[in-house]
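Written below as structure tokens is the structure these notes are about.
The values are calculated or read from the model by the stated rules, or taken from the named source; none is laboratory data. Source: prediction; values computed, not measured. Cβ sites come from the backbone with ideal geometry, for glycine too, and all protein chains shown count toward neighbours. To get the accessible areas, we keep the full protein, side chains included, count just its heavy atoms, and leave off ligands, DNA and RNA. Shrake-Rupley method; radii C 1.70, N 1.55, O 1.52, S 1.80 Å.
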Amino acid sequence: MKVLVLNCGSSSIKYQFFDTVEKLALAKGVVERIGMSSAVLSHSRYDGDGIKIVGEILDHAIAIEYVLGVMLSKNHGVIDSKEDIEAVGHRVVHGGETFTDSILITDEVMQVLQDNIELAPLHNPPNIKGVQAVKRILPNVPQCAVFDTAFHTKMPMKSFLYGIPYELYKKHKIRKYGFHGTSHSYVAHKAAEILGKNYKELKIVTAHLGNGCSMAAIKNGISIDTSMGFTPLEGLLMGTRSGDLDPSLILYIMGKEGLSLNEAGTLLNKHSGLIGISGVSSDMRELITAIKEGNKRAQVAFDIFCYRIKKYLGSYAAAMGGIDVFVFTGGIGENSPEVREEVCKDMSFLGIQLDVEKNLRKEEIISKEGSLVPILRIPTNEELVIALDTNKIVEESKVKN
Ligand code: ADP
């Protein structure tokens, strides 16, 4: 099946067009600066051909028209007509408690997505806009939603409830949801496949380290705990997000600095984490360059980043009664030998022993020969999962009808 995968953000749309039989991305790209007169569409084809188009792209519908235009174009395209797109799969950030799996988008599903906007005010509205735009432009093409939260919906109550009055959970759905589910699920399955083991019999810890970072404890195929929470702010230190902190310090800072609710949110989401501590950058590459130049604050930011991953690793070993596999993924997890080395340092008490050479060579299995816990470095591929899920759901719906 030929599936267009869309990841609609507030001012950008990332897309990939898949042949799900070959598991191959025929084309991919991104539209940035949507809503501005100088929006940019960067498109590349599987054979290396690429093009950049600058234009006035005022909303998501126009952005999708541009994407279809370039996919149809004689010189840079990959399809002959719009009918070649058999389904569209959307990355949707928040499925709340309702969606425990990917789903065919119907009017009822759209209603629930609308109802969940409060839970993900930054993410769900652009996702909904994308679905509506496709419905107008490709009215007969089935659309599916694949949720970042779905993989974590089987967490036990002791993992997902916070220590606040229970009524607030019932009234406002305040609980841990967890994110990056598609990525955690993909790399955990892939790790089992690489090791030739049964996924359902393993205790796996996955660390997705990108601009946003989260870890998951996956026991016998179920995510039993994860570091992001009610929102993607909780847990690990991230590029610009604080991760875990004492909740009362927010009230204290608001008072001391005279911040509004919005300003406090911006402080914790945009000006904290690696950038906030180092004052250098939220980008791990730039941080490592600064460390090599002797920048002390960059070093502290790096140390906190790795230290917190170690602590979560230890706590997940306790939560699952041990660890069988440890997986790194995401831009940092896949590409930074420095972070992987620091995280795995002195962890042999848990059976985790990194092979420094394999780590530097960026091999798939980077643990020492005798390490009780294999350590893997697996590039994530959330878009492929979305395409395959979409394919499966659309085929199933055809059988039902
Ligand atoms: P997103 O969460 O937005 O998808 P990515 O998964 O692409 O982000 O991760 C972005 C992060 O990956 C940035 O901090 C970037 O510095 C880091 N990164 C990418 N390549 C490298 C590298 N070679 N070494 C260290 N960090 C890297």
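Kindly check whether there is at least one residue in segment 386-398 that is within 16 Å of the ligand (Cβ to nearest atom), open to solvent by 30 Å² or more (accessible area, probe 1.4 Å) and under 30 Å from Val146 (Cβ atoms).
In the first step, residues of segment 386-398 are kept if they are within 16 Å of the ligand (Cβ to nearest atom); the result is 386.
Those left that are additionally open to solvent by 30 Å² or more (accessible area, probe 1.4 Å): none.
No, segment 386-398 contains no residue that is within 16 Å of the ligand (Cβ to nearest atom), open to solvent by 30 Å² or more (accessible area, probe 1.4 Å) and under 30 Å from Val146 (Cβ atoms).
Could you please give the count of residues in segment 259-276 that are charged (D, E, K, R) and within 20 Å of Ala120 (Cβ to Cβ)? Reasoning before the result, please.
Step one: filter segment 259-276 for residues charged (D, E, K, R), giving 263, 270.
Next, only the ones that are within 20 Å of Ala120 (Cβ to Cβ) stay: 270.
Total satisfying the criteria: 1.
Please determine whether any residue of segment 375-385 is within 23 Å of Lys203 (Cβ to Cβ), part of a loop (DSSP other than H, G, I, E, B) and in contact with a Ser or Thr (Cβ under 6 Å, 6 or more places away or on another chain). Within segment 375-385, one or more residues are within 23 Å of Lys203 (Cβ to Cβ), part of a loop (DSSP other than H, G, I, E, B) and in contact with a Ser or Thr (Cβ under 6 Å, 6 or more places away or on another chain). Applying a threshold of 6 Å to beta carbon distances and a minimum spacing of six or more residues, or different chains, the list of pairs starting in segment 186-209 at a residue that is of a type in the set (D, E, K, R) and ending at one that is away from the ligand (no atom under 16 Å from the Cβ) reads Lys200/Asn220; Lys200/Gly221; Lys203/Lys219; Lys203/Met320; Lys203/Gly322; Lys203/Ile323; Lys203/Asp324. Scanning segment 339-356 for residues that are open to solvent by 50 Å² or more (accessible area, probe 1.4 Å) and within 16 Å of the ligand (Cβ to nearest atom) yields Glu341, Glu342. Cβ separations smaller than 8 Å between residues 6+ apart or across chains give the following pairs from segment 126-138 residues that are over 16 Å from Val93 (Cα atoms) and assigned to a helix (DSSP H, G or I) to residues that are open to solvent by 80 Å² or more (accessible area, probe 1.4 Å) and acidic (Asp, Glu): Ile137/Glu65.
Residue-level check: of (1) in contact (Cβ under 8 Å) with a residue 12 or more places away in the chain; (2) farther than 22 Å from Asp225 by Cβ, Asn401 misses just (1).
Would you be able to tell me the number of residues in segment 111-150 that are of a type in the set (A, V, I, L, M) and under 16 Å from the mean Cα position of the chain (by Cα)?
Counting residues in segment 111-150 that are of a type in the set (A, V, I, L, M) and under 16 Å from the mean Cα position of the chain (by Cα) gives 5.
In the set Ile309, Ile275, Ile291, Ile323, only one residue is open to solvent by 10 Å² or more (accessible area, probe 1.4 Å) and within 17 Å of Leu236 (Cα to Cα); that residue is Ile275.
Do we have Ser37 as of a type in the set (Ser, Thr, Tyr), part of a strand (DSSP E or B) and over 14 Å from Ser12 (Cα atoms) here? So Ser37 does not fit the description; no. Output the number of the condition that Ile304 fails; it satisfies all remaining conditions of (1) under 21 Å from the mean Cα position of the chain (by Cα); (2) under 30 Å from Lys158 (Cβ atoms); (3) within 16 Å of the ligand (Cβ to nearest atom). Answer for Ile304: the failing condition is (1). Among the residues of segment 357-385, the ones that are open to solvent by 80 Å² or more (accessible area, probe 1.4 Å), free of Cβ contacts under 8 Å to residues at least 40 places away in the same chain and within 17 Å of Ala188 (Cα to Cα) come to 0 in all.
For segment 322-338, a residue qualifies if it is within 11 Å of the ligand (Cβ to nearest atom) and either under 19 Å from the mean Cα position of the chain (by Cα) or not in a helix (DSSP H, G or I) (or both), and the qualifying residues are Thr329, Gly330, Gly331, Ile332, Gly333, Glu334, Asn335, Ser336. All of (1) open to solvent by 50 Å² or more (accessible area, probe 1.4 Å); (2) under 30 Å from Ile174 (Cβ atoms); (3) at pLDDT 95 or above hold for Asp84 with one exception: (2).
Filtered by the rule that a residue be assigned to a strand (DSSP E or B) and open to solvent by 10 Å² or more (accessible area, probe 1.4 Å), segment 1-19 gives Lys2, Asn7, Lys14, Gln16, Asp19.
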